[in-house]
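Structure first, commentary second.
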Amino acid sequence: MQLVELDEVEWTSGAGDEQRRAGPLVSWMRRRPWISLASGVLAFALVVTFVAVAPRVIADREREAVLGSATFDGAVRSLAHAPRERWSTSVNPLVAPLLVGDVIVAVVDDPAEHLAGIDAVTGEVRWQLGPIGTKAAPIQSCAVVGTRVACVAGLGGRGLRPPSTLVLVDPATGTTQANHDIEGRWVEVAAAGDDVVLAGWVSDGLGVALVDPEWGAVRWRAQTSARAHPRETGNVALASAGGVVLATSFPSALVLRASDGVVLPMSEADDVVQLRADGVYVRTDFTAHDGAVLARSTFSDASGRVLRTELGDAVELGVRDPASPRSLTVDGTGTAVTMRSYTDGDEPQWTTDDGAGHPVLDVAGRIVLRRGDSLVALDASTGERKWQRPAAAAARTSVSRSGYSDGKVVAVVVSGSTTPSGLAAFRLDDGEPQWQIDLPEGTRRVVRLGTQLYVLTGDRLVALR
């Protein structure tokens, strides 16, 4: 007979069960404790790295997408998918916001006294500055000058006193880099190289001045327009491009050489003057003939030399691929409209009677027109109609004159008397509808800043992504 220690047997059996329940991984870890510890530390580090780095990687990708380039200058980066509201912030829509780098500079109150720098990616307000203007003499307009922003504040109307205030701001930090009083009632500002051009109604009419924004020195003041506005304080428009400055307040107009303020040739018969991005200015005069209104447009360069003359009213498109060699003109009214396409010389490349409507864009071999509540696309090389599509659902019967494109899709604003505004997109090559969205309540207009679309309502700036 052999005596057996029952307690010892039960302990051994229990230990085996525990090992079996623990599984092979725990057993392996018990046999190799140092390797197990190192593996655990590595796994923890990977988790921490993912948690810390992943959001930053995502943010960097978003920043690249928002600030990256588009197919051509003036294009939206992508309209492949219906955009949604990414962020919104309070702004005053009466002063157009500007994009400089990754910062949107906007007026944030009413009356327009303060500026703010808004992160274009996140919508975060980085800085606020002011007051620059006052309730009586608010900020009138701002312009990008190189890497900085120049704003003019003061009174509108006619006269020289009190002077307006010109402020130069670093958009990255909101730091005021210069502040000068400039004699005159200046309501518009535009960049002209490193200087700025100011336009407004001075004591003897529509005036323009070139100012060094760094030191406040007035380089030249142009003679005022020979034609007076009937109200003498009408809305002033200002453009500067290719060494030419154009200031208008219909019927007043001034075309000037930016370097010295010399007045460039015009005619008393000129009814409309436009300045193109390349510095070519276009003068159009209208005449009545046999019950029809005929137009003729004259193109001149920065020296005033006439380049060519085209029949019809020269069309300034909201979106145009810079690679397009065409200029377009239209003649007539209602449905009796003739459109002409010019590429070189005074003779049109093609003429079509299918031009009734307002031209919206010239992109990717298509000229798109707004016609009532529809869009019509013509072959840009021949003028042949390629497609026509209703631009909106039945409840929306109005299409804006503004269009947006990424080179493959055209998007237009549609609205109705009882429905909110929307944005509708169509494929350029065949007009196939892509998507349609409702815009935020109170939408005043859609604007492109850089390569992205934004909505201005009565008190907000909304980023669409």
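The values are calculated or read from the model by the stated rules, or taken from the named source; none is laboratory data. Source: prediction; values computed, not measured. Here the Cβ is made from the backbone with ideal geometry for all residues, glycine too, and neighbour counts use every protein chain on show.
Counting residues that are crowded, with 16+ Cβ neighbours inside 10 Å and modelled with pLDDT under 95, which strands (runs of 3 or more DSSP E) fully inside segment 102-221 reach at least 3?
Once the strands (runs of 3 or more DSSP E) in segment 102-221 are filtered for at least 3 residues that are crowded, with 16+ Cβ neighbours inside 10 Å and modelled with pLDDT under 95, what remains is 195-202, 205-211.
Give the residue, chosen from Gly312, Gly332, that is more than 25 Å from Val76 (Cβ to Cβ), crowded, with 20+ Cβ neighbours inside 10 Å and touching a strand residue (DSSP E or B) at 6+ places or on another chain (Cβ under 8 Å).
Gly312
Please work out which residue is nearest to Gly345 (Cα to Cα), limiting yourself to segment 243-299 and to residues that are among the β-branched types (Val, Ile, Thr) and part of a loop (DSSP other than H, G, I, E, B).
That would be Val280.
What about Ala247, is it surrounded by 23 or more Cβ atoms within 10 Å (Cβ to Cβ), of a type outside the set (Phe, Trp, Tyr) and either modelled with pLDDT of 95 or more or at positive phi (or both)?
Yes.
Provide a single number: the residues in segment 224-244 that are modelled with pLDDT of 95 or more and over 25 Å from the mean Cα position of the chain (by Cα).
Of the residues in segment 224-244, 0 are modelled with pLDDT of 95 or more and over 25 Å from the mean Cα position of the chain (by Cα).
Run Tyr281 past the list (1) in contact with a Leu (Cβ under 7 Å, 6 or more places away or on another chain); (2) farther than 29 Å from Val189 by Cβ; (3) hydroxyl-bearing (Ser, Thr, Tyr) and report the number of the one that doesn't hold.
If we test Tyr281 against (1) in contact with a Leu (Cβ under 7 Å, 6 or more places away or on another chain); (2) farther than 29 Å from Val189 by Cβ; (3) hydroxyl-bearing (Ser, Thr, Tyr), just (2) comes out false.
Tally time: how many residues in segment 370-393 are β-branched (Val, Ile, Thr) and surrounded by 16 or more Cβ atoms within 10 Å (Cβ to Cβ)?
Final tally of qualifying residues: 1.
Tell me the residue from Arg340, Arg276, Arg308, Arg296 that is within 25 Å of the chain's Cα centre (by Cα) and of a type in the set (Lys, Arg), please.
Only one candidate passes the filter, namely Arg276.
Answer yes or no: is there a residue in segment 75-91 that is within 29 Å of Ser225 (Cα to Cα), surrounded by fewer than 20 Cβ atoms within 10 Å (Cβ to Cβ) and basic (Lys, Arg).
no
Determine whether Thr287 is surrounded by 18 or more Cβ atoms within 10 Å (Cβ to Cβ) and of a type in the set (S, T, N, Q).
No.
If I ask for residues that are over 28 Å from Lys386 (Cβ atoms) and touching a residue at least 60 places away in the same chain (Cβ under 8 Å), which ones from segment 431-444 would you list?
Selection gives Pro440, Arg444.
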